[in-house]
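Step one of this worksheet: look at the structure below.
FYI, it's all coordinate maths here, none of it is from the lab. If you're wondering where the values come from, they're calculated on a predicted model, not measured in any experiment. Here Cβ is always computed from backbone atoms with ideal geometry, including for glycine, and neighbour counts include all displayed protein chains.
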Amino acid sequence: MVSRRKSTTFSNGGGTSDYEVGYGKPPKHTQFRPGQSGNPAGRPAGVHNLKTDVKRTLAAPVKVTEGGRTRKRSSQEAALKVLLRKAFGGDGRALDRLFDLAARFNNDTAEAGPAQVASADDRAILAAYAAEAVAAAKTQPTADPSPDLAPDPGAGTGKKAPT
């Protein structure tokens, strides 16, 4: 068992205790004064978090040679082109990574267009299947619970059931 320290009481100078010090209750003289911050300098201006740095780095332009011409592309696009080149070169890991990215980002439903409308024959087949499934569900007998699953008459009484 973990023992806790005994809480200490402070007095207001007149001998009477008006504040008990304990867990979550630091002594009054160590608490921040009203209007005083625990971090007076704060976060320095201009310091970014990792997400901001990654976005900025991937958007930064780099010079890429394509077809004998130098062009500016974003770092992200250049990295994807390197990945594509490695995948086409036979690198299995690059190919797997490229497929993962394609599966994650190539599923735009807006670009795929509207869904295909089922033909009359297809609708007839689906309706027949649904009717067949409903009929099969109605004709299946609902079986009584098997004797193995029936409640034990002596259960919970402490007595043995007659055999």
Out-of-range pairs (alpha-carbon distance over 31 Å; input Lys51/Lys86; Lys28/Lys51; Lys51/Lys72):
Lys28/Lys51
Taking 0.36 nm per residue of sequence separation and subtracting the Cα-Cα distance, how much length would be gained by fully extending the chain between Asn39 and Ala128, in nm to one decimal?
24.8 nm
With a ≥ b ≥ c taken as the square roots of the eigenvalues of the C-alpha gyration tensor of the stretch 57-107, please select rounded if a/c is under 1.5 and otherwise prolate if a/b is larger than b/c or oblate if it is not?
oblate
List the residues, sorted by chain then number, that are 5 or more residues from Val21 or on another chain and whose placed amide H is less than 5 Å from its amide H.
Thr8, Thr9, Phe10
Can you pull the one-decimal nm distance between simple spin-label points at Ala118 and Arg73, each 7 Å off the Cα toward Cβ?
4.5 nm
Report the extension gain between Val54 and Arg85 in nm, rounded to one decimal, defined as 0.36 nm multiplied by the number of residues separating them, less their alpha carbon distance.
8.9 nm
